[in-house]
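Heads up, the thing below is written out as structure tokens.
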Amino acid sequence: MKKIYLFLFSALSLTTVKAQNKFNLLVGTYTNTCQSNGIYVYEFDASSGGLKLKNSSENVISPSYLSVSADNKFIYAVNENGTQSAVSSFSYNSASGKIKLLNTNASLGADPCHLINDDKNVIVANYSGGNIVVFKKKPNGSLTEVQQIIQHEGKGPNAARQEKAHVHMVVFSPDKKFVLSNDLGLDKVFIYKYNPNSTNEMLTLKGSVDVKKGSGPRHLTFSKDGKFVYLVQELDGTLTTFSYDKTGNLKLIAETSILPKGFTGGTGAAAIKISPDGNFLYVSDRVDANSISVYKILKTGAIELVEQQSTLGKGPRDFAIDPTGNYLLVGHQYTNDIIIFKRDKKTGKITDTGKRIELCSPVGLVFTKI
């Protein structure tokens, strides 16, 4: 009898492990350059690196960046479409991968490029509009019209790219008391106090920090302990480290460059992510570089370069590390594919698995539970 129980326990444990190694990969795409349905849902096996298509949205315009609700029941997407841009809400069945449009509202700012959500609000960065907008959530997960607009004003020294404000990202602080926002046009990171229960003043300005002129801050990420912030600057490939405290203060402590020594080509730094264990930092670069830089994060918050690897495509606008940390997936906007790399958890290094997904203009990758 003991042997039977032991066998059943072992089988159950194996099934549980297998289930924990499977996730959904959501991919947001541009729909104006090639044939795309919008949002795609793949089942990803983090033990083998295998993927299979489960479902997709229908006729959704350029849902480039996605944000999933904490309960895994809703997806929020920007619809990046110039002055006709919008933000959409979808119901999401993670088991089947089915996505159903709930509603769409105007973003009140051109070219929204990033968004976040909690149980009360959806906060959006409008790149060309140079503003931040906040939507309230309805009980069924759909969105109200915009309830707050914060307009940034000014310009930077790069006449071609910094002719006005260009809000590129919004991100919650770890304790959700603040929202940080990078403005590529103004070379500033703004810190807003977050008041989720307010009806029309969810964000109030606390302050801002300046970064190197002409560098163009794009995306940032918090260290796992929340004590440091790593910011990548799109226009010149600068990587900046800040200390961060719970009162919402950023202090610049280090700067480096993600560009290889002697590199003279075009650069367009894009995504920045930290491995699930908090030990490694990854940054992608586009234009001529088309690479990922890997850094080891030291206990002091300082970073050390581990390697720089080609992403094996053109336009690595976004990438995602699966929740187990086994794989890193890179979406290429211009070569229309997703490349699957294996991660070495001890060294942080990545190697090509040879696995590929052919997909029109993937630009936003998010893992969710099934």
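The values are calculated or read from the model by the stated rules, or taken from the named source; none is laboratory data. Remember, predicted model here, so these are calculated numbers, not experimental data. For neighbour counting, all protein chains shown are included, and Cβ atoms are generated from backbone atoms with ideal geometry for every residue, glycine included. Ligands, DNA and RNA are stripped out before the accessible areas are found, and what is left, the full protein with its side chains, is counted by its heavy atoms. Shrake-Rupley method; radii C 1.70, N 1.55, O 1.52, S 1.80 Å.
Taking the alpha carbon gyration tensor of the chain, what are the square roots of 5 times its eigenvalues, largest first, to the nearest whole Å?
Details: eigenvalues 191, 131, 90 Å².
For the chain, the ellipsoid semi-axes come out as 31, 26, 21 Å.
At 1.4 Å probe size, with every protein chain present, just tell me what the per residue accessible area of the chain comes to in Å². Mind showing how you got there, number by number?
Working: 16110 Å² over 370 residues.
Roughly 44 Å² per residue, with all protein chains present.
If I compute solvent accessible area with a 1.4 Å probe over the protein chains, what percent of it on region 98-150 is carbon and sulfur? Mind dumping the intermediate values first?
On the way: 1010 of 2000 Å².
C and S fraction of accessible area: 51 percent.
In nm, to one decimal, how far is the modelled label at residue 120 from the one at residue 95, with both set 7 Å along Cα→Cβ?
Distance between the two pseudo-spin positions: 3.3 nm.
Can you give the extra length, in nm with one decimal, that the chain gains between residue 59 and residue 352 once fully stretched, where that is 0.36 nm per residue apart less the Cα-Cα distance? Working shown, then result.
Numbers: separation 293, 0.36 × 293 = 105.48 nm, distance 3.27 nm.
Between residue 59 and residue 352, full extension yields an extra 102.2 nm.
For region 306-362 and region 149-176, what is the separation of their C-alpha centers, rounded to whole Å?
Computed from Cα coordinates, the inter-centre distance equals 28 Å.
Rg over Rh of region 277-370, using C-alpha atoms and the Kirkwood radius, what does it come to? Kindly include the intermediate steps, with their values, before the conclusion.
Working: Rg = 13.0 Å, Rh = 13.5 Å.
Reported Rg/Rh (Cα atoms, Kirkwood Rh): 0.97.
Between residue 261 and residue 155, what length in nm is gained on full extension when 0.36 nm per residue of separation is reduced by their alpha carbon distance? It would help to have the intermediate numbers written out before the result.
On the way: separation 106, 0.36 × 106 = 38.16 nm, distance 2.97 nm.
So the chain would gain 35.2 nm between residue 261 and residue 155.
Given R₀ = 25 Å, FRET efficiency for residue 138-residue 224 by Cβ-Cβ distance, to 0.05? Present the calculation step by step, with values, prior to reporting the outcome.
Numbers: r = 33 Å, r/R0 = 1.34.
Using R0 = 25 Å, I get an efficiency of 0.15.
How much of the accessible area of region 195-240, probe 1.4 Å, is carbon plus sulfur, in whole percent?
Values: 830 of 1800 Å².
That fraction is 46 percent.
Relative to the Cα centre, what is the charge dipole magnitude of region 271-370, using +1 at the beta carbon of each Lys and Arg, -1 at the beta carbon of each Asp and Glu, and rounding to the nearest 20 debye? Don't jump to the answer; show the numbers that get you there.
On the way: 14 positive and 11 negative charges, 55 e Å.
Its charge dipole is roughly 260 debye.
Roughly how far apart, in whole Å, are the Cα centres of region 182-229 and region 287-302?
With region 182-229 and region 287-302 each reduced to a Cα centre, they are spaced 21 Å.
Once region 100-142 is represented by equal point scatterers at the alpha-carbon sites, with solvent omitted, what log10 I(q)/I(0) does the Debye formula produce at q = 0.23, 0.26 Å⁻¹?
-0.79, -0.94
For residue 349, go through the lysines and keep the ones whose alpha-carbon is under 24 Å away, minus same-chain ones fewer than eight residues off.
22, 224, 261, 273, 296, 299, 314
So if I place +1 on the C-beta of Lys and Arg and -1 on the C-beta of Asp and Glu, and nothing else carries charge, what would the dipole magnitude of the chain be about its Cα centre? I want it in debye, nearest 20.
Numbers: 43 positive and 32 negative charges, 235 e Å.
Here the size comes out at about 1140 debye.
Please identify the longest segment of the chain free of exposed GluC sites (Glu not before Pro), where exposed means a DSSP state other than H, G, I, E or B and no more than 14 other Cβ atoms within 10 Å. Don't skip to the answer; put the middle values down first.
Working: sites that count: 58, 153, 163, 201.
With a cap of 14 other Cβ atoms within 10 Å, the longest stretch comes to 202-370.
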